[in-house]
1. Taking square-rooted eigenvalues a ≥ b ≥ c of the alpha carbon gyration tensor, is the chain rounded, prolate or oblate, where a/c under 1.5 means rounded and, failing that, a/b exceeding b/c means prolate?
2. How big is the charge dipole of the range 25-64 about its Cα centre, in debye rounded to the nearest 20, if each Lys and Arg gets +1 on its Cβ and each Asp and Glu gets -1 on its Cβ?
3. Before rounding to the nearest 500, sum -39500 (n - 2.57) across all DSSP H runs of length at least 4 in the chain and divide by the residue total; then give [θ] at 222 nm in deg cm²/dmol.
4. With contacts defined as alpha carbon pairs under 8 Å and 6 or more residues apart, what's the relative contact order of the chain in percent?
5. First check a/c for the range 35-98, with a ≥ b ≥ c the square roots of the eigenvalues of its C-alpha gyration tensor; if it is under 1.5, answer rounded, and if not, answer prolate when a/b is larger than b/c or oblate otherwise.
6. Can you pull the one-decimal nm distance between simple spin-label points at Leu38 and Ala56, each 7 Å off the Cα toward Cβ?
7. For the range 1-68, rounded, prolate or oblate, judged on the Cα gyration tensor with a ≥ b ≥ c (square roots of eigenvalues), a/c < 1.5 rounded, else prolate if a/b > b/c?
8. Can you tell which of Val11, Gly129, Cys42 lies farthest toward the positive end of the dipole of the chain, using +1 and -1 charges on the Cβ of basic and acidic side chains (Lys, Arg; Asp, Glu)?
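Each reported figure results from applying straightforward, stated rules to the coordinates on display, with no laboratory input. Not measured: the values here are computed from a predicted model. Cβ placement follows ideal geometry from the backbone for every residue including glycine, while neighbour counts extend to all protein chains displayed.
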Amino acid sequence: MASTRTFEDLVAIMNRLRDAGGCPWDREQTYATLRGYLIEECYEVVDALDRADLPALCEELGDLLFQIVFLARLAREDRAFAAADVVEGIAAKMVRRHPHVFGEDTAADAAEVLVRWEEIKTREKKDAG
């Protein structure tokens with residue numbers, strides 16, 4: 001499947017929908033009104049997984065991603081963060097929590113990876129207060 005659109009294109013579409021002259025429905029949405037749609041999309045992703053329906057999974061992951069981009073747009077409007085911050089945050093977390101891949105540590109098996117993941121997570125939460 002050839003991809004021509006990027007994550008940045010999806011963010012631009014969301015911006016167009018929310019900006020002046022965009023879609024009245026999209027412009028009316030709030031964190032609270034999107035909550036139910038987010039939950040619905042999560043259930044639809046799980047349903048596609050349960051059915052092992054990969055084309056449906058692709059579609060449902062797109063719908064879920066759109067909800068994430070939508071919520072990030074609302075946060076940008078509140079000057080809290082933007083979609084790029086969400087991407088940066090999860091990328092940095094994945095690198096930190098995989099020192100056996102991105103650092104000098106080693107892990108013998110998946111069980112050891114999980115133990116270290118929890119140790120790192122606990123340390124991060126402690127450091128954050």
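1. Verdict is prolate for the chain.
2. 180 debye
3. -24500 deg cm²/dmol
4. 16 percent
5. It comes out oblate by the Cα gyration axes.
6. Result for the modelled spin labels: 2.5 nm.
7. oblate
8. My answer, from the dipole projection, is Gly129.
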